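Taking it in order: structure first as structure tokens, then the write-up.
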Amino acid sequence: MGVKFTGFRSRMKFKVIICLFLGLVSHAFAQTKGSIVYAPPSDDFVSIELQEFKGLPRLGVMDNYGARNVNPRGGVRVGGRNSAQLEKSKMVADGRNAFSLLVSLKYVKPFMGDLDKQSLTTVKGNMSKTEANSALLQRFLLSQVAPNLCLNDDCRNAGRGSNEFERLRNYKTFVDKFLEPLLKWSQQVFMNGEWLIYHVSTLNIGGNYDFDRGGYWVYHSLVLNDIFPMRQGVMKRVVFEPLSPYEQALVNKLENPKGAPFFLQMDAQTAEDFKKKGNNRLYLVKKIKLRPLDKELGDPTEPIEFGYSHETPDLEIYTDQGLTEHYRTLLMNDLTLKN
């Protein structure tokens, strides 16, 4: 899987070549401001485009490119989005979905031996495990993989047809020509066992201000199931697996290891200014390392499990979704936790 950084609209060629992209793939990439593109193995398949932050993929809460402080006479309604922004937002959503499907393909590959490649499996009562797996895999390939990862019409049409004969021919064409390249492409995901990313979440500050302490009580979930879109491919779970002393110390202090309720110091004037502007949330950014857990799936319906740990104790807080306005930095090992 080739990797490069580019703007959303430009597709210029770059001369800078780097040999390794953070353990995810081992192909060349180049960088400009904008997004990270995972190039497909052939023109039959889509390029996968993810948002970028400080040179790494950005996952979790995404930037929806909402117009900020735009003059209405320039053709954009204040607070709305123009066609270019909508296109960027759709491209990011499509990229996340496609990447999630590629990850799913990687981990259902061991069950592909149950896939009936000659006929479409009919769902019925008292199905064998092999038949059930075949039906599930066919539904996944025809309704999700083909329409979202394919560009070639023969590939995209895998689940289509005006009658059962045409649908079967299209399915067999997909299996014969495109399934193996897709499976091979999927194996390049997490090929070194880990993925370094920035995760973004929200801190809600729309509640009551604590005048005695001077700030807000906020909550940060340590279960990051928003990294992969929930409805794309096989279900995926992302759980916190502390490795460093500061991570373990945090977990030891928590009543519930799934989340960290902590106090965010903020002077009253700043809090009032946020409220007047209608800004009731902040954005927490942390650098994490994601790794698949060594757990074999019993069948293709089981969730794929990932663990993550933090690369640094820094929790960076921004006031805007685009992460351009830095508010403050907190340290994970110095949080004021709620008793």
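The values are calculated or read from the model by the stated rules, or taken from the named source; none is laboratory data. Bear in mind the structure is a predicted one, so any value in this text is a computation, not a measurement. Cβ atoms come from the backbone with ideal geometry, glycine included; neighbour counts cover every protein chain shown. Heavy atoms of the whole protein, side chains included, go into the accessibility calculation; ligands, DNA and RNA do not. Shrake-Rupley method; radii C 1.70, N 1.55, O 1.52, S 1.80 Å.
Numbers below:
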read-out	value
Members of segment 42-73 that are modelled with pLDDT under 95, out of contact with any strand residue (DSSP E or B) (no Cβ under 8 Å at 6 or more places or on another chain) and not polar (S, T, N, Q)	Y65, G66, A67, R68, V70, P72, R73
For A268: the one exception among (1) among the hydrophobic types (A, V, I, L, M, F, W, C); (2) open to solvent by less than 40 Å² (accessible area, probe 1.4 Å); (3) over 28 Å from the mean Cα position of the chain (by Cα)	(2)
Looking only at segment 288-339, and only at residues there that are small (G, A, S) and under 23 Å from the mean Cα position of the chain (by Cα), the one that is surrounded by the most Cβ atoms within 10 Å (Cβ to Cβ)	G307
Any hit, segment 80-98, residues being without any contact (Cβ under 8 Å) to a residue 40 or more places away in the chain, among the basic types (K, R) and outside any loop (DSSP other than H, G, I, E, B)	yes
Residue match in segment 219-237 (condition: modelled with pLDDT under 95, among the acidic types (D, E) and in contact with a Ser or Thr (Cβ under 8 Å, 6 or more places away or on another chain))	yes
Residue count for segment 280-339, restricted to those that are assigned to a strand (DSSP E or B) and over 30 Å from K129 (Cβ atoms)	25
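Conditions (1) in contact with a helix residue (DSSP H, G or I) (Cβ under 6 Å, 6 or more places away or on another chain); (2) open to solvent by 30 Å² or more (accessible area, probe 1.4 Å); (3) closer than 23 Å to L56 by Cα, marked per residue:
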{"position": "G214", "(1), (2), (3)": "no, no, no"}
{"position": "P242", "(1), (2), (3)": "yes, yes, yes"}
{"position": "K276", "(1), (2), (3)": "no, yes, no"}
{"position": "R281", "(1), (2), (3)": "no, yes, no"}
